[in-house]
1. Could you figure out which of (1) on the phi < 0 side of the Ramachandran plot; (2) surrounded by 13 or more Cβ atoms within 10 Å (Cβ to Cβ) isn't true of residue A:208?
2. Among the residues of region B:318-343, what is the count of those that are assigned to a strand (DSSP E or B), within 13 Å of chain A (Cβ to nearest Cβ) and free of Cβ contacts under 8 Å to residues at least 60 places away in the same chain?
3. Considering only region B:333-362, state which residues are touching a helix residue (DSSP H, G or I) at 6+ places or on another chain (Cβ under 8 Å) and either under 18 Å from residue A:406 (Cβ atoms) or of a type in the set (S, T, N, Q) (or both).
4. Hey, residue B:219 hits all of (1) in contact with a Cys (Cβ under 7 Å, 6 or more places away or on another chain); (2) of a type in the set (Ser, Thr, Tyr); (3) in contact (Cβ under 8 Å) with a residue 60 or more places away in the chain but one; which does it fall short on?
5. Would you mind finding the one in B:120, B:130 that is in contact with a helix residue (DSSP H, G or I) (Cβ under 9 Å, 6 or more places away or on another chain), modelled with pLDDT of 85 or more and away from chain A (no Cβ under 14 Å)?
6. One residue is enough: does region B:439-456 have a residue meeting the conditions charged (D, E, K, R), in contact with a Gly (Cβ under 8 Å, 6 or more places away or on another chain), farther than 30 Å from residue B:207 by Cβ and modelled with pLDDT of 95 or more?
7. Is there a residue being in a strand (DSSP E or B), within 14 Å of another protein chain (Cβ to nearest Cβ) and at pLDDT below 95 anywhere in region B:86-109?
8. Being crowded, with 22+ Cβ neighbours inside 10 Å and either within 14 Å of another protein chain (Cβ to nearest Cβ) or on the phi > 0 side of the Ramachandran plot (or both) is the requirement here; does residue B:315 meet it?
Amino acid sequence: MLNILRSFIPVLISLGFLLPLNFAVGQNAVELNRTTDPRISLPADTGRFVRGRIDFSRYISPATCSFVGPSMRKIIDRGDFYDTLPYEDVVSLRVPLSSVQAVESCIREFDIDTLSLDQLRYAFDVALWIQNDSLISHTKKIWLTQSASIRDSSNILLYAILSFIKSSPQRLDLATAELSRLDSLGAPARLQRLSARKQLLIHWNRLFVRDKIKEVAEDIISIQSSLEPEEMGYWSRDANIPFFSLLEVGLFDNPSGLPQILNRMRAELRIFGEKAGEPTGIVAMKFIDLPTKIGSKVNNIRADYLFSYNRDSNTSYPQLGKSLLVLVVSHDVPKSFYSDYAMIKRIREDYDTTKLDIVLIQKTKGSARWHTDGPLNPEREAEASRWYFQDYLKLEATVAVLETSFTKLPDGRMVAKPDESGIFGSPLIGTVIVDRNGNLVYKDIGIVRESVIRAYLGRL
Amino acid sequence: MTHSNFLIQFSDSRFLSIQECEDVARKVINSASGGGKAGVHILAYWSGNIRWSRNIVNTSGDIRNNHITVTRNIRGARGAVQLNRFDDTSLRVSVERAERLVESSSEDVDADLPIPYFQEVHSKPAIWSESSYNLSAQERASIMRRLAQSSIESGFQSAGYVEVSAAGQAVMHQDGAWMYYPFTSAQCSITVRSKDGSASGWAGIDSHDWGSINADRISAIALEKCRTSMNPVRLEPGRYTAILEPQAVSDFVSSLFLPKTLDRIRAELNHGPYTQGDGFSKIGQQVFDGRITVRTDCMDPDMGFPPFSYSGTVYNPATWVENGTLVNLAYSRSYAIHNLWLTKGLPASGAYRMSGGSTAIEDMIATTKRGLLVTRFWGVGILDEFSMLSTGFTRDGLWLIEHGKVTKAVRNFRITESPLHTLNNIEQLGIPQRVFRPEFPTIVPAIKVRDFGFSGLSDAI
C-alpha cells in the first residue's frame, strides 16, 4: 500500500525514539517465520561482532514499518561514520540482515508504478536494503524512464552506483554494470563517471584490493586529464585521490618505488592545476620519508602507565620473535572504538598472543566516560583505561597510557598541548606494525583499516 | 496544609504526593526486566483557571493530569512510553511497551558501558503557596467579576485569564536516584479595549504565589493604558529613542537567555549570538552595556522555580552576564567533567534576572526629548541567529514622548531590531521587576534605549 511508503517519509522527522502508548505491537502484527518464509533468501547472518543489530522481524505492523525507515537511515549514517569493513557474513554494519526481513515485509505491498520521483528514489533505497534484485531493477527502470536528459540519467545512474557500492559487496557487480552504462553516455557524463569511480576507489581502498585500486586509479587519472577547464575546478580537490591510492599500494608492493609515483603525481597535478586555473593541493608528506624508515629498528615503547595483557610488568614492546601491532586509540572510548574492537577480536582469531602483540596507546584526557562522579587524575584514568580494554572488553592487548600536558583556555576549557614526540618519534596517531625482528614494517596516520593491517601481517 | 507536611502526604490529593509518586516509580522500576536501566519521570499537576472576554466568562476549568514517562535503556537502545494513568496494569504495560521499543531500536554501541545515573543535590526554593493552592473556582469567578466590573463601568471591554496551579515533579532512576519537588504557580493577565476597537491596554504578571499578585492593580493598569491609548496618531517609521517597559524588555530580549541560546556547545559549534567562531564562544567578552548583569537562581525569592527539570537535570545558580561581560554559558554535567574538569553542570532553565539600574520610568520619560513609550511586544520572531535580528509588533499601548512628557497615543509599529543592539544602546536602566512570562520566571528592568528600529506601521491595536 502506498500509504505505508508515504508514512516512511515524515517519520524521518517526527519519530525520535519516543512513541506514544498506542504503538500497535500485538494487534495486526505479522509473525515472520525466518526459516520457511519464501521471501527470505539471503545468506545467514552470523552476527559476529556485529553488536547493535536491529531485529524488527518479531513485530511487523504499519507502525513498525514506519519505524523501520528512519532506523535504517540511522544505521546507514552510523555505518558511514564507523567506516566498517563489509564482510561476507554480514551485509555490513549499514544493513544488518536481521532487519532486512522486516523491511521486506513492509515493502511487499508497494505499488511502485504509481510512485512519484522522490518516492521512487526512496523505494529504490528500500529495495536495495532488502536486496531484492527484481525490485531494484524495476524501480530503477521506471526511474530512468522519467528522466528527461543525459544529465538526469547520468545523475540517476551515479546515485544507483553509489548506492550499490555502499550497500554491500554483493552489489558491486551491479555497480560495475551501471558504470558501463554511465561510460556509454560519453563526455557529458565525465564528472559523474569520475564521482562513481572515486567511490569505487574508496571501496577498494577499504578492502585494500591492490589490482582494483591500480585499475580504478589509472582510469580516474585518464578521465580527469581529459576534463574541460570549467569541469576541472569542480574536480580539483579530488584530483590527488588516485595518486594517494597508488602511493599506498606502492608502499606495500615496492617502497623504493615511491619517489617515481610522487614525481608523476607532482607533474600531472601541476598540469591539471594550470589547466584548471587554480593550484591543486599536493599533500603526500607521509610518503616522502617512509621508504627510509621502513625496515629500521624501533625503540621500546615508553609509557607512563603500561598494563601488559598478561600482567607481566617486565615485558617491553616490541618483543623479539613476535610481531607487534600498535594502535593509537582516541580519548573518547567507547565512542568510535567499536570498529577497532571488532577488528582486534577478528585479528586475534588468526594471530594469537604467541604470534602477535597488540598494544593500544591512549593519552590521558582528565576524565573517563563511565566515571560520572567527576574528573580523574592520570593514575585513576590510566586504571580506568586498563579496566575498559582488558577487563570490560576482554581484549588480549597491552594498554599503554601516556600522560597528557594540558593548557587551560581563557574560557576554562582544558585542552591537550600538542605533542610531537609521541611514539617512535612520530605524532601520536595512527597504526604501526613492527616485524619479529623489531623492524618497522608499516606506519600510517590515517584511519585504521583492517584490510591493510591484515595484508601486512599476512606477509610477516 | 503547610509546605513541610505537604512533602509527607496531601490531605486532599489534587495531584500525586511524594509517597504516591514514589510508589508509582517503584512499581515501574520493579517491573523492568531484561537488564539495562529503567527510569521514571512524573509531572502530576492540578490547575484551576477562568478565562473571559467581552466582560463575559468563556471558560472555567479545573484540570488534573499526570505526565508519566517510562524510559528503558538497554545497551544504549532506548525506548520511552508516555502515559497519564498510574494503575498497576497501565504501568506494567508501559514498561513492556518501552521494552518492545528497545527491541526495535538500535543499540548505541557508543553507550554500551553501564554508565550510572548521577543524582546531584538540589536546592529547595520556597515555591509552594497556600493561597495559590486554595484559590477556589468560586473565588476565581469572584475575582473575574470584580476585575471586569471596572471595565464595564468605564464603558470598555475586558478580556483576561487567571490561573493557579500546583504540581509535584519527580524523577526516579534504577541507579537509586530519587527526587520530588512540589510547587505552585499563579498568573493573571488582562486586556482592556475600547468598544470601537481603536484602543487597547494590557497588564499581566505571574508568580508562584497568588497572594503576591495584586489583580486589582493589574486591572487598573490595563484600564488606564486603554484609556490613554484612545485616538492614536500615525508616526513615520524610523529609529526612535524608546522606553521599553519591563514587559516589553522581557518580550524582546528573552530570546537571548533561552536554554538553547545559552547553550555553550552550540556557541562553540559556531551557532547563536554568543559564538566567536573557530570553536570558541564569547565568554570573557563584553556583549552588553557595562551596567547589565544577568543571573539565574531558583533560590532567588522573586524568581523561584523548580530546582530540577522534568528530565532530572538540576539547576545550579548561574551568572550569565556580569557588568556586560559574558561570563558563563550553559553546559551539561558531562561537558563540565570532560572539558572543564568540574563536577557540576550549569544548565539554563530559561528563567533569569536582569539588573543594573534604578531609574524610575517617570524619570526616563522626563529626560526624553522625543521618543516612544512601549507597553509590550507581540509576535516577536528571530530572523538571524547570530545578530538575533528580530521582528514583531508593538501592542496594547504605545505613546509619543515629547519634551519630557507623554503627549499622545501612537499607532502600533512593526519593529525590526536586534536585542544585542538594544542592550548595547542603553541610556537608562530601571528597577528590575517580575513580569508576565509563566513558562520561565523573569525579572527585568525598564530600559531607555537609543535608536530603536520601528520599521513599519501596523494596524493592530
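The values are calculated or read from the model by the stated rules, or taken from the named source; none is laboratory data. Quick caveat, the model's predicted, so the values are computed rather than measured. No Cβ is skipped: glycine too gets one built from the backbone with ideal geometry, and neighbour counts run over all protein chains shown.
1. (1)
2. Of all residues in region B:318-343, those assigned to a strand (DSSP E or B) come to B:318-322, B:325-326, B:330-331.
With within 13 Å of chain A (Cβ to nearest Cβ) added as a condition, the list becomes B:325-326, B:331.
Of the ones still in play, those that are also free of Cβ contacts under 8 Å to residues at least 60 places away in the same chain are B:325-326.
So the count comes out to 2.
3. B:335, B:342, B:343
4. Among (1) in contact with a Cys (Cβ under 7 Å, 6 or more places away or on another chain); (2) of a type in the set (Ser, Thr, Tyr); (3) in contact (Cβ under 8 Å) with a residue 60 or more places away in the chain, residue B:219 violates only (1).
5. On the way: B:120 fails: away from chain A (no Cβ under 14 Å).
Of the residues listed, the single one that is in contact with a helix residue (DSSP H, G or I) (Cβ under 9 Å, 6 or more places away or on another chain), modelled with pLDDT of 85 or more and away from chain A (no Cβ under 14 Å) is B:130.
6. No; the residues of region B:439-456 include none that is charged (D, E, K, R), in contact with a Gly (Cβ under 8 Å, 6 or more places away or on another chain), farther than 30 Å from residue B:207 by Cβ and modelled with pLDDT of 95 or more.
7. No: region B:86-109 contains no residue that is in a strand (DSSP E or B), within 14 Å of another protein chain (Cβ to nearest Cβ) and at pLDDT below 95.
8. Numbers: crowded, with 22+ Cβ neighbours inside 10 Å: yes; either within 14 Å of another protein chain (Cβ to nearest Cβ) or on the phi > 0 side of the Ramachandran plot (or both): no.
No: the conditions fail for residue B:315.
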